[in-house]
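The structure appears right after this line, and notes come after that.
The values are calculated or read from the model by the stated rules, or taken from the named source; none is laboratory data. On a predicted model such as this, the values are computed, not experimentally measured, just so you know. Don't worry about glycine lacking a Cβ; one is built from the backbone with ideal geometry, like all the others, and counts go over all protein chains shown. In case anyone asks, the SASA skips ligands and DNA or RNA and just uses the protein heavy atoms, side chains included. Shrake-Rupley method; radii C 1.70, N 1.55, O 1.52, S 1.80 Å.
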Amino acid sequence: MGICIATCYSHSGFIGELIVRPEARSRGVGAALLNQGVQSLKDRGGESVYLDGVVKAVGLYEHNGFVKVCRSWRFLGRLPGKRCSDARRMNINDLDQVLSLDRSSFGGDRNFFIRRCLELFPNFCYVQVNNTGVIGFILGREHADRIYAGPWVVHNDAYDPLNLLNAFALEAGNRPIKIGILDTNTRSCDLVRSLGFVEQSDSPWRMVLGRSRNLGASPCCYAIGSAAKG
């Protein structure tokens, strides 16, 4: 009748892909799945649980104790892309530095997610480097009609974080790119708007159950990973 994904990040968790068949809606299935997901995360030590709630479902989440944090914008656009001297394809030898940067920026361990993206979509995984090593990365997922970008994480030492997106867009060709950005990262929102990307009016709300609001909220996190896993 329905599915729900609950992803644990130590003291935080993320709920995603809460989907109920049309014929089973308005029967408490969604609430039951949500509560079971939340409880499973709490049982594993999750003190705060996050989700990106579609606008129509915000009432359900609020009824179950979640509160709005900010809009989790979905931007859509095309970018011709270009080669940048400090951006290149990610390889397996970059993973230690990539994972370290991600943990310190995102606030959780996305080891499984990042490794899986590199395994499935190596053409859309890029790192930004300087003389000290990896200072940024961007991952992507390829779908039939568009490319999904994210996570996109850039250290403060990066000269131009757009170099990663430009390298990524070059691989995408002329296909549209969809990218999710929290409204709290005004620099990233302004950057993609300046490139012609447009936010979707039905973009979800980032919501949280618990005290902390820090997961993925660092200014180094230029784009979320996915609507399912944060």
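Counting only the heavy atoms of the protein chains, how much of Glu142 is accessible to a 1.4 Å probe, in Å² to the nearest 10?
80
Could you sort His143, His63, His11 by accessible area so the largest value comes first, with the probe set to 1.4 Å? Numbers along the way, then the final one.
Values: His143 90, His63 155, His11 110 Å².
Accessible-area ranking of His143, His63, His11, largest first: His63, His11, His143.
Let me confirm the definition first: pairs of Lys residues in the chain, 8 or more apart or on different chains, C-alpha distance under 24 Å. How many are there?
Total qualifying Lys-Lys pairs in the chain comes to 9.
Give a residue-ordered list of calculated ³J(HN,Hα) values for segment 172-183 (Karplus: 6.51 cos²θ - 1.76 cosθ + 1.60, θ = phi - 60°; whole Hz; x for Gly, Pro).
Coupling constants for segment 172-183: 6, x, 9, 6, x, 10, 10, 9, x, 9, 5, 4 Hz.
For the chain, with every protein chain kept in place, what is the accessible area per residue (1.4 Å probe, Å²)? Before the final figure, lay out the partial values.
On the way: 11170 Å² over 230 residues.
The answer is 49 Å² per residue.
Averaging the inverse of every distinct alpha carbon separation and then flipping it gives the Kirkwood radius. What is it for segment 146-211, in angstrom units?
Hydrodynamic radius (Kirkwood, Cα only) of segment 146-211 equals 13.5 Å.
What does the charge count around Pro122 come to, taking other residues whose C-beta lies under 15 Å from its C-beta (Lys +1, Arg +1, Asp -1, Glu -1)?
Numbers: positive: Arg88, Arg89, Arg115, Arg116, Arg141; negative: Asp94, Glu119, Glu142, Glu171.
Charge balance in the 15 Å sphere: +1.
Among Asn64, Asn123, Asn131, which one moves the most in a GNM of the chain with springs linking Cα atoms closer than 10 Å?
In the Gaussian network model the winner is Asn131.
Would you rank Thr132, Thr186 by solvent-accessible area, highest first, keeping every protein chain in place and using a 1.4 Å probe? Mind showing how you got there, number by number?
Numbers: Thr132 110, Thr186 85 Å².
From most exposed to least exposed: Thr132, Thr186.
Assuming a ≥ b ≥ c are the square roots of the Cα gyration tensor eigenvalues, decide whether segment 72-230 counts as rounded (a/c under 1.5), prolate (otherwise, with a/b larger than b/c) or oblate.
Working: a/c = 1.38, a/b = 1.06, b/c = 1.30.
Rounded, because the longest to shortest axis ratio a/c is under 1.5.
Working with all protein chains in place, sort Ser104, Ser188, Ser10, Ser212 by solvent-accessible area computed with a 1.4 Å probe, largest first. Mind showing how you got there, number by number?
On the way: Ser104 95, Ser188 0, Ser10 70, Ser212 40 Å².
Largest accessible area first, the residues go Ser104, Ser10, Ser212, Ser188.
Mind putting a number on the dipole of the chain about its Cα centre? Charges go on the C-beta only, +1 for Lys and Arg and -1 for Asp and Glu, and I need it in Debye to the nearest 20.
Numbers: 28 positive and 21 negative charges, 85 e Å.
Rounded to the nearest 20 debye, it is 400 debye.
Expressed as a whole percentage, what fraction of the accessible surface of segment 86-167 belongs to carbon and sulfur atoms when a 1.4 Å probe is rolled over the protein heavy atoms?
45
Give me the distance in nm between label points sitting 7 Å out from Cα along the Cα-to-Cβ direction at Ser201 and Asn111, one decimal.
With each label point 7 Å from Cα toward Cβ, the separation is 4.5 nm.
So if a site counts as exposed when it's one of the trypsin sites (Lys or Arg not before Pro), its DSSP state isn't H, G, I, E or B, and it has at most 10 other Cβ atoms within 10 Å, what's the longest stretch of the chain without one?
Values: sites that count: Arg83, Arg211.
Result for the longest clean stretch: 84-210.
If you take every DSSP beta bridge whose two residues both sit in segment 1-135, what share of them, in percent to the nearest 5, is antiparallel?
Values: 12 of 16 bridges.
In segment 1-135, DSSP labels about 75 percent of beta bridges as antiparallel.
With a point put 7 Å past each Cα toward its Cβ, work out how far Arg193 is from Asp43 in nm, to one decimal.
Placing both labels 7 Å along Cα→Cβ, they lie 4.4 nm apart.
For every other residue with a beta carbon closer than 12 angstrom to the beta carbon of Lys82, add +1 if it is Lys or Arg and -1 if Asp or Glu, then tell me the sum. Write down the numbers at each step before the final one.
Values: positive: Arg83; negative: Asp160, Glu171.
Combined, the nearby Lys, Arg, Asp and Glu give -1.
What Kirkwood hydrodynamic radius, in Å, does segment 1-115 give when the mean of 1/r is taken over all pairs of distinct Cα atoms and then inverted?
Working: mean 1/r = 0.0593 Å⁻¹.
One decimal place: 16.9 Å for the Kirkwood radius.
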